[in-house]
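First comes the structure, then the notes that go with it.
Where a number appears in this text, it was derived from the coordinates with a stated rule and is not lab data. As the structure is a prediction and not an experimental result, all values here were calculated from the model. Reconstructed Cβ throughout: ideal geometry from the backbone, glycine too, with neighbour counts over all protein chains shown.
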Ligand SMILES: Nc1ncnc2c1ncn2[C@@H]1O[C@H](COP(=O)(O)OP(=O)(O)OP(=O)(O)O)[C@@H](O)[C@H]1O
Ligand SMILES: [Mg+2]
């Protein structure tokens, strides 16, 4: 489903992605972990085309991304549903309107482009939105304004929006970092249910290792822009975790002290 | 925390508001003669006039340059005199430095009243009282400046940090000494910024005042347009364009430096000093071209008194005509605002950096917006009266184009300040640009757009009263005619009708603002 080969990216001289190789099979669920600044968000954003890599290739669903062609980027993005830490909903409009936005990428031609732009959608699309809202448990909130919802509810709206795309892949960047434990568990269960029932591939950046252990079979860890762990979750022992999260500067610091 | 706002209204109330909006708009179109046919005709007539203007004829270049200097000098004098008068008024009309209840309310009311009347009405008034020439223009600019600066100054004084004031008061200082040592240092940069803004504004207004005979380039423009010398008129328009562009750039640069506190600081000191020096030199040179004779102006004061005496008691015998014309005036303002909104949406979108990725399109839209905004509305009116003929339609076009510049700038600023997160989220669904604009940007900026629209509506209805001074419809035309026949008592009645309308509209717009924003 996703093939990343020799991916490199620098920001102002700083090497953020240092040659990433990664394969994710169709229907898989992968947790992406790593210390802050290790390049997780950057990797996710190269997969949906918001960051242009310096070298390397990515293909999604067998199609290689051509970063220079806006139309190719758009076709790739149509296949990918995005879930964000801060939900990224249009706050001043209703739940229904936000969910409908997920259909925009599909309605990109001719009359349906025109009508969807000004906010008219077919009955089929509207019914689909309603079904998805009841799938995420918000059937009674369709007319509510988004800024009146709780964080957990907002994230469920965002998930419904992503599903409205009929995606093949879901990318979630810290989807539960701003939620309380109860809402976090519900959101993770929902994401995994989508992965299993709808056979949608899932890559989720997570900081909370308990959630990783509870829900994922495979873990990929990034450290300083390189993959330092990619294996079954059960192999993620304390020693490994220490390894992943120990920043090298500390070691250098200790070494320097020892040198004195 | 939610304020009472439109989304709380139920469907029925929403429907009611939309119906009122559409009916008012329809009636306004009707009385200001706007329809599809007139719009298409207007477009082709304007192009025809444009062709007749090319190429510009600079044979009167020398006179034009002298008049340009006179215009700039008018702007300087109006600003300086206005500053001198506004300084005490600003402190008297600020809550924290007011001397007593009576003076506070008197100065505040005076400033508000001065601000509510369009500058060109003052010019018209002074031309009638003083006679033709730049003296009338300077007097008009002075009054209009006090209306604006008085408000800006007093708001700046009210917004200061009170701690230094208290500290100084605790040492036993009082009155002027506190103002001098604790308040002036705080408000000085703000005041300088406002002064520059007013200078910029006044020079632009001065370009238009000549249209009613109050001196400067406008006189020449009016004469050439009315004499069908369109190529000569085009030369003047080119000079006006150069002046407003130059002034816009210089004042934006200086204001930016002053507000950021970098003015005359190391790094760009020589450039800033050179600019200030150039302005100073320019001032002296332009004063040479228009030695404002304060003595002569003072001598004109008794004439104003005579003139005012001739206005009482106001003669309301033709009130029904005035009311009908006033209705046409308001209709022009509403139609003009709608035209401005329609034009400003594409302009604003294209002139925002976060939407318009192509630098060429972005810069073009920005330049068009700046041009429309900087060009005085009376100059537009003069052109459109020639292009599409006398009547309210010319006024609608003038107001619409001029304020499309204002709205375009406001819209673009609002769009550049949207929260980018939902915009990226919608882009991540694979949506195309127009879909992104409608689904992630417009919902965020709509409330801001509404409040800008109301502000512009307010302004346009005020300024639609002056469109008639050049024959572009509304009550202004009747005002000119009555003054030509020395019917000062009828003029007084008309001015009162205008003032009353403006006051009523202030109330209406304050109410609407509460509903929408
Ligand atoms: N657009 C950008 N311009 C410059 N530097 C950037 C940009 N985006 C990311 N970086 C830098 O790249 C590095 C990796 O950032 P990234 O956001 O990918 O890390 P992350 O693993 O997601 O961290 P976190 O867990 O804190 O979200 C950081 O040092 C960051 O400052
Ligand atoms: Mg991140």
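According to the square roots a ≥ b ≥ c of the eigenvalues of the Cα gyration tensor, what is the shape class of chain B, taking rounded for a/c under 1.5, prolate for a/b larger than b/c otherwise, and oblate for the remainder?
Values: a/c = 1.24, a/b = 1.03, b/c = 1.19.
It is rounded, given that a/c, with a ≥ b ≥ c, falls under 1.5.
Using a 7 Å offset from the Cα along the Cα-to-Cβ direction at both residue B:180 and residue B:256, what is the distance between the two label points in nm, to one decimal?
3.7
Please list the three semi-axes, largest first and in whole Å, of the ellipsoid equivalent to the protein assembly as shown, using sqrt of 5 times the eigenvalues of its alpha carbon gyration tensor. Don't jump to the answer; show the numbers that get you there.
On the way: eigenvalues 720, 204, 137 Å².
Semi-axes (√(5λ), whole Å): 60, 32, 26.
Between segment A:82-119 and segment A:7-71, how many Å separate their Cα centres?
That distance is 25 Å.
Once R0 is set to 51 Å, what does the formula 1/(1 + (r/R0)^6) return for the Cβ-Cβ distance between residue B:513 and residue A:237, expressed as a FRET efficiency to the nearest 0.05? Don't jump to the answer; show the numbers that get you there.
Details: r = 64 Å, r/R0 = 1.25.
Calculated value: 0.20.
For the residues B:191, B:438, A:120, B:228, what sequence is obtained by ranking on other C-beta atoms within 10 Å, fewest first? Provide the component values of the computation, followed by the final result.
Numbers: B:191 21, B:438 18, A:120 13, B:228 10.
Sorted ascending by nearby Cβ count, the order is B:228, A:120, B:438, B:191.
Decide, for chain A, between rounded, prolate and oblate: order the square roots of the alpha carbon gyration tensor eigenvalues as a ≥ b ≥ c, take rounded if a/c falls under 1.5, and otherwise choose prolate if a/b is larger than b/c, else oblate.
prolate
In nm, to one decimal, how far is the modelled label at residue A:3 from the one at residue B:158, with both set 7 Å along Cα→Cβ?
A separation of 6.8 nm, rounded to one decimal place.
Ranked highest first by the average count of other Cβ atoms within 10 Å around their residues, in what order do B:150-157, B:391-398, B:364-371, B:275-282 fall? Could the numbers behind the result be given before it?
Numbers: B:150-157: 22.1, B:391-398: 28.9, B:364-371: 17.6, B:275-282: 12.2.
In decreasing order of mean packing, B:150-157, B:391-398, B:364-371, B:275-282 become B:391-398, B:150-157, B:364-371, B:275-282.
Please compute, for peptide A:89-95, the average count of beta-carbon atoms on other protein chains lying within 10 Å of each residue's beta-carbon. Don't skip to the end; give the middle numbers.
Working: counts 5, 13, 5, 8, 8, 2, 0.
Whole-number average of other-chain Cβ neighbours for A:89-95 is 6.
Residue A:196 versus residue B:301, label points 7 Å from Cα toward the beta carbon: distance in nm?
Each label point lies 7 Å from its Cα, and together they span 9.2 nm.
Roughly what angle does helix A:181-197 make with the longest principal axis of chain A, taking Cα atoms, 0 to 90 degrees, to the nearest 10?
Tilt relative to chain A: about 70 degrees.
Any chance you could give the angle, 0 to 90 degrees and rounded to 10, that helix A:151-164 forms with the longest Cα principal axis of chain A?
70
Determine the percent antiparallel among the DSSP beta bridges restricted to the protein assembly as shown, to the nearest 5.
Details: 22 of 39 bridges.
Here the antiparallel bridges make up roughly 55 percent for the protein assembly as shown.
Could you tell me how many degrees, from 0 to 90 and to the nearest 10, lie between the Cα long axis of helix A:123-135 and the main elongation axis, the longest principal axis, of the Cα atoms of chain A?
Helix A:123-135 sits roughly 50 degrees off the main axis of chain A.
May I ask you to list the residues of segment B:231-245 whose amide nitrogen lies under 11 Å from a point 7 Å from Cα along the Cα→beta-carbon direction of residue B:52?
Flagged as within label range: B:231.
For a Förster distance of 45 Å, can you work out the FRET efficiency between the beta-carbons of residue A:72 and residue B:45, rounded to the nearest 0.05? Spell out each step's value before the answer.
On the way: r = 47 Å, r/R0 = 1.05.
Step by step, r from the Cβ atoms, then E = 0.45.
Using R₀ = 22 Å, calculate the FRET efficiency as 1/(1 + (r/R₀)^6) where r is the Cβ-Cβ separation of residue B:287 and residue B:192; round to 0.05. Spell out each step's value before the answer.
On the way: r = 21 Å, r/R0 = 0.95.
The computed FRET efficiency comes out at 0.55.
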